[in-house]
Amino acid sequence: MFTGDSPIYQQLAARIADDIVAGTYAEDAAVPSSNDFATFLHMNPATAGKALNVLVEQGVLYKKRGVGMFVAPGARSQLLKQRRADFPQQFVHPLIREARAVGIEPPELAQMIKEEYIP
Amino acid sequence: MTQAIELQSVTRRFRNDNALEDVTLTVPDGAICGLLGRNGAGKTTVMSLISGQDRPTTGQVLVDGEDPFENEAVLSRISFVRDNQRYPDDYFLHHVLSIAPEFAPSWDGELAAELVEGFRLPRKPAIRKFSRGQLSAVAIVLGLASRAPVTLLDEPYLGLDATARGLFHDLLLRDLGRHPRTLLLSTHLIDESDSLFDHVVLMDRGRVVLRAEAEEARRLAMCVSGVADAVQAFCADYPVLRSHSIGGLRTSTITGRLDDDARSRAATLGVQLKGASLQDLAVAYGSGDSLQDSSKEGISA
């Protein structure tokens, strides 16, 4: 479920962020509690709480005392912006590294992307 | 954060053998702490001391700041079922369930019943005829349903089938969410319980070799694998905990951060790099060829 590549709380925070972008949790809707995540994902409740707090610090979630955590207004567009900013590093760099390794030239690569993009 | 469990320089000597040697560890209030190490590392001895069933030869054991030995107030707050717990020969399950509340002031009969049903524990035969997995299930029922503020689970997984292990995790986390408590859990199934822990203590031959927050422990070490020469070149600057070679291939577990520097060196040398899991660490420290110096000192974070 979790990989060893990055801390578990970061992986859970990223997963919740992905779900917000995908529309699973709408703005001002509640997200599951840290205990819900802990029980569902068989993980430590404090670690789950840390993931939620990371998202609160980023302004993606907000707390209602005694009620729970909610998706902040504008969270989705904020996360989308972040993901676009991360796109070159996360996806383009590895793609180009592999293209170089196997000898695919830029025009051929561009052609491949075009064909994949427009089905 | 206050400490629920504290061992200070504890040594426990049996005749001429030191079962525990200068063990210092703390478990914060409300933590889920994994107690890891090979057979004979001293895990059950640590639990016996915490639960007041044994006394240290030297050093101090504190539970909620008090010595648990013959201390009724503290003992009523502790639950400990040994991995080899014996029951009277004529005992059936219902005997154990009816006597348990006398030892556990916060006993929850409903939770016990739910666990008994989930584990499919039989009313007959007598407990002495139970299988290894069924005995483990009884220990889990007693451990969780007692809702003791300090709960010690010694090898709760022994002989448990996969469904039962999943059920154990489900009910453990659900009940901990509603009734927080401090949990110390010893296990060899480290990969399976890894994500439950927020703290870990790793023991080897009676000593603590690592104690840290789990997140921190997972970042202390990494595993390098690939062609032997390249792996050895990569490891030159790191303390090597354990190496394993087959043919021209080699895997080494080394202490050090998996950072961008390490990643780019790995890419240059053409070796695979991954963060060491708690299980990797336990295997490395338990394999005996770890650095004598560093294992004597122990590492903590």
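The values are calculated or read from the model by the stated rules, or taken from the named source; none is laboratory data. All values derive from a computational prediction rather than experimental measurement. In this analysis, Cβ positions are derived from the backbone assuming ideal geometry, glycine residues included, and neighbour counts consider all displayed protein chains. To get the accessible areas, we keep the full protein, side chains included, count just its heavy atoms, and leave off ligands, DNA and RNA. Shrake-Rupley method; radii C 1.70, N 1.55, O 1.52, S 1.80 Å.
Structure values in brief
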| item | result |
| --- | --- |
| Among A:117, B:145, B:195 the positive-end extreme of the charge dipole of the protein assembly as shown (Cβ point charges) | B:145 |
| Per residue convex hull volume, Cα atoms of the protein assembly as shown, in Å³ | 195 |
| Mean projected area (nm²) of the alpha-carbon convex hull when chain B is viewed from all directions | 17.5 |
| Cα centre as origin, Lys/Arg/Asp/Glu Cβ charges: the range B:45-87 dipole, Debye | 200 |
| Interchain or long-range residues, amide H under 5 Å from residue B:241's placed H | B:253, B:254, B:255 |
| Most to least packed among B:139-152, A:103-116, B:26-39 [average Cβ atoms within 10 Å] | B:139-152, B:26-39, A:103-116 |
| With every protein chain in place, the range A:8-75: carbon and sulfur % of accessible area (1.4 Å) | 53 |
| Positions from the range B:207-256 whose accessible area shrinks by 30 Å² or more when the full protein complex is built, not the chain alone, probe 1.4 Å | B:215 |
| ³J(HN,Hα) computed for each position of the range B:85-94 - Karplus, 6.51 cos²θ - 1.76 cosθ + 1.60, integer Hz, glycine/proline x | 3, 9, 10, x, 4, 9, 7, 9, 3, 5 |
| Cα-Cα over 28 Å, subset of A:81/A:114; A:50/B:274; A:114/B:274 | A:114/B:274 |
| For the range B:120-141 and the range A:1-35, distance of Cα centres in Å | 39 |
| Positive minus negative residues near residue B:185 (Lys, Arg vs Asp, Glu; Cβ under 13 Å) | -3 |
| Total charge dipole magnitude, chain A, about the Cα centre, Cβ charges on Lys, Arg, Asp, Glu only, Debye to nearest 20 | 480 |
| Nearest-20 debye value, the protein assembly as shown charge dipole, Cβ charges on Lys, Arg, Asp, Glu | 320 |
| Where chain B is the region considered: accessible area per residue in Å², 1.4 Å probe | 47 |
| Portion, in percent, of the accessible area of chain B that falls on carbon or sulfur, probe 1.4 Å | 47 |
| Helix-derived mean residue ellipticity, 222 nm - over the protein assembly as shown, DSSP H n ≥ 4, -39500 (n - 2.57), to 500 | -12000 deg cm²/dmol |
| Peptide A:39-52, shielding by other chains (average Cβ, 10 Å cutoff) | 6 |
| Averaged over B:171-183, number of beta-carbon atoms from partner chains that fall within 10 Å | 3 |
| Total accessible surface hidden between B and A, rounded to 100 Å², 1.4 Å probe | 1200 |
| Cβ-defined net charge surrounding residue B:73, 13 Å radius [Lys, Arg +1; Asp, Glu -1] | -4 |
